[in-house]
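See structure below.
Each reported figure results from applying straightforward, stated rules to the coordinates on display, with no laboratory input. In this text, all values refer to a predicted model and were calculated from it rather than measured experimentally. Don't worry about glycine lacking a Cβ; one is built from the backbone with ideal geometry, like all the others, and counts go over all protein chains shown.
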């Protein structure tokens, strides 16, 4: 394979593919999901070389010298909070012989010692010790052998992002209009306090990572993919959570909004009618009645607001390339190979509410990952299986394209459309193509 250096990050990547021929207005080529060379280039450019990648939530680093092991594409990374509270991200790769340095998922450490040969590094990346240093000679300079650092790390209201592109815009600029939707999600908590500390729910599927992102902004599939879930909900009443996807979603009030840089959101809130309706339309949960009785008895007129916090936010916010806000949960897309992906779900709690609200919030967050996500992942694997047929070259994304009256431009310039429009795919692939093109100036 021929390698060249990426013009922005300087990282070696495979020689350029003509992506303009593979991404058309209404379709993309199957090889974008199956070609290892495309995947290798994505891992450099899309996952950090020309983008901001979600790494962690600050609540997962709760005290000085906390650390968390994550991935940035295929790169193993340690996110750390130093003794003064500042955030850093370094490659979880010993600069000596490339061994994994930290083999714990999280914890507290001022330094890391490689289990292979004992090299020791501060949690900010500097090399501080090598066993029997005389063996390296007088010219050995520890300052030249620290851990590789993620060039820039920035946090937006607790959400920590990293990029390898020194000249990237700020993370606020990268988020653009998506920041306002993230604000809504955070500000549902009475004090704006979101806590991501529970054990993660990890699921793997045999398919390309983009299948998950394709699906994240797809309001067309729930009526069919999640039929059993919707049938169960409909037995409890026609307006139960998600049941509206099965009743002519194009005729309803839901909209999908394009937020730039590949970001988008599906807004389900118009299906609800005021305080208490999120809670009233949730599917059955263990212990629900007892908790509701207690909240209403103790909090009176404020009970509807508190009970709604136990239920999802009714938006699906997608921040390219790897962060999905689904209900009350944080989902992270983790590519493992061209046809292998892990999806990690993080449950959240909020500050400033009675403990019963967070207990029911956890019960709600057990719902869709258990009953809905397996439907999606089964479809991802079957799509990947279908992509193995080389004679059928194209994957369509043409629903809503050119249909009169579907798309609107708001006063803020944000384009929206009906929930089943495949505009999400068309817009994020445009951003993807720009990142993957040789002459991009991001």
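Quick notes
- For the chain, convex hull volume per residue from C-alpha positions, Å³: 159 Å³
- Remark on segment 174-436: ratio of C-alpha radius of gyration to 2.2 N^0.38 Å is 1.02.
- Counting every C-alpha pair in segment 55-213, the share spaced more than 22 angstrom apart comes to 51%.
- With each label modelled as a point 7 angstrom along the Cα→C-beta vector, the residue 145-residue 191 pair spans 4.7 nm.
- Averaging Cα coordinates gives a centre for segment 422-438 and one for segment 62-104; these two points are 30 Å apart.
- Here each label is just a point 7 Å from Cα along the line to Cβ, and for residue 340 and residue 401 those points are 3.4 nm apart.
- Were the residues from residue 296 through residue 198 laid out at 0.36 nm apart, the gain over their Cα-Cα distance would be 32.6 nm.
- For the chain, calculated [θ]222 nm from helices alone, where every DSSP H run of n ≥ 4 adds -39500 (n - 2.57): -7000 deg cm²/dmol
- When the alpha carbon gyration tensor of segment 141-196 is reduced to an equivalent ellipsoid, the three semi-axes, largest first, read 31, 15, 6 Å.
- Kirkwood Rh (inverse of mean 1/r, distinct Cα pairs), segment 179-232, angstrom: 14.8 Å
- Scaling the Cα radius of gyration of segment 331-391 by the globular reference 2.2 N^0.38 Å produces a ratio of 1.59.
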